[in-house]
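Scroll down for the structure; my scribbles are underneath it.
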Amino acid sequence: MADSPTMTYGGYLRLDRLLSCQEPETDAHDELLFVIIHQVYELWFKQILHEAALLQRRLEAGGSAGALHTARRIAKILKTVVGQLDVLETMTPRQFAAFRHALGTSSGFQSDQFREIEAVLGRRGFPASVLRGDERLREAVSRPTMFDSLLRYLAVQGHPVPREALERDTSQPWEPDAGVQKVLLAVYADENGPAAEVCEALVDVDEGVQEWRYRHLKMVERTIGAKIGTGGSAGADYLRATLFAPAFPDLWEVRSQTEQPTTTEQPTTGEEPAGGQERGDGG
């Protein structure tokens, strides 16, 4: 876009096109809210994919500061996405039922962008019928996942990541790996180091997706209960099945393997530990 002294706020944001995209199918008051919330979801999903691509590039280049910044941004976006459910939950089941019939066979499970986010995070088990109709998704499931990029980052940082993990077939689902977990334990031993911070930022991203799944599940349950979802989806049952399935299982597993440090830091100034004087006064 060429610089223009006549550029306006509405023109820059293409508001004429953006605000004409909301076309409720009924006269139900709450349908506009439903449409806007889901369109905003898709805008945030677009931004998450944009940021995820940058995060993977920064990880694979070994850039700690840039990767940390981008991962934290993704986590913040996910918090915002979760927060939108608070608005959607102001709609009662009767208010939703007033226009639900107009949704036809449409379903949130048909979101191409969210499927692509899942692929970037490591999901590989998409139905063949879905893959056939989505070229971007087919490309996404053949590329390295975000965790693959993290492993390459750790290797660039000098950590002994097993070669078989670095050279694996990334079109296949990741399986938790004891050798990788050993490396992660060493990374976390220096908990103030940049590599540990980057790993924790990816845990924040993983937790953000899990939180969104949980809140989405509860929103569906309070809106339609146990009914079959639109488009014939399993509704709440499907969402429930996806809970507690982390994208980066090794980053969670190492927490159960972390042991208490064998030594305790001592004061280097010759002073008593904090609280020592108070204990003496009480003697």
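Only the coordinates and a few stated rules stand behind these numbers; no lab work does. Note that the structure is a prediction, hence the values are computed from the model and not measured. Cβ coordinates were reconstructed from backbone atoms using ideal geometry, including for glycine residues, and neighbour counts include every protein chain displayed.
Dipole orientation for segment 28-256: of the candidates Leu88, Gly208, Ala65, Leu88 has the Cα lying most toward the positive pole (charges on Cβ; Lys, Arg +1; Asp, Glu -1). Specify whether the C-alpha gyration tensor of segment 1-58 places it in the rounded, prolate or oblate class, a ≥ b ≥ c being the square roots of the eigenvalues: rounded for a/c under 1.5, otherwise prolate if a/b is larger than b/c and oblate if not. Since a/c reaches 1.5 but b/c is at least a/b, the shape of segment 1-58 is classed as oblate.
Tell me whether segment 7-147 comes out rounded, prolate or oblate; compute the Cα gyration tensor, take square roots of the eigenvalues as a ≥ b ≥ c, and use a/c under 1.5 as the rounded threshold.
prolate
Whole-Hz Karplus values for segment 91-98 come out as 8, 7, x, 5, 5, 5, 4, 5 Hz, taken residue by residue from phi with 6.51 cos²θ - 1.76 cosθ + 1.60 and θ = phi - 60°; glycine and proline positions read x. Dipole size of segment 28-256 about its Cα centre, with +1 on Lys/Arg Cβ and -1 on Asp/Glu Cβ: approximately 480 debye, rounded to the nearest 20.
Rounded, prolate or oblate: which fits segment 137-222, taking a ≥ b ≥ c as square roots of the Cα gyration tensor eigenvalues, rounded meaning a/c under 1.5, else prolate when a/b beats b/c?
Judged from the Cα gyration tensor, segment 137-222 comes out oblate (a/c at least 1.5, b/c at or above a/b).
The residue among Pro160, Gly122, Gly11 whose Cα reaches farthest toward the positive pole of the charge dipole of the chain, with charges on the beta-carbon of Lys, Arg, Asp and Glu, is Gly11. 3J(HN,Hα) couplings calculated from phi for segment 7-18 with the Karplus curve 6.51 cos²θ - 1.76 cosθ + 1.60 (θ = phi - 60°) are, in sequence order, 4, 10, 4, x, x, 4, 8, 6, 5, 4, 6, 4 Hz; Gly and Pro show x.
Among the lysines of the chain, pairs at least eight places apart or on separate chains and with Cα atoms under 29 Å apart come to 7.
Candidates [x] 41, 25, 22; [y] 29, 22, 21; [z] 33, 22, 19; which is the computed semi-axes √(5λ) of the Cα gyration tensor in Å? So the structure-derived entry is [x]. Spin-label model, Leu166 to His38: label points 7 Å out along the Cα-to-beta-carbon direction sit 4.5 nm apart. Relative contact order, whole percent, for segment 28-256 stands at 27, derived from Cα pairs under 8 Å and 6 or more residues apart.
Once the Cα atoms are used to define both axes, helix 112-121 deviates from the longest principal axis of the chain by about 10 degrees.
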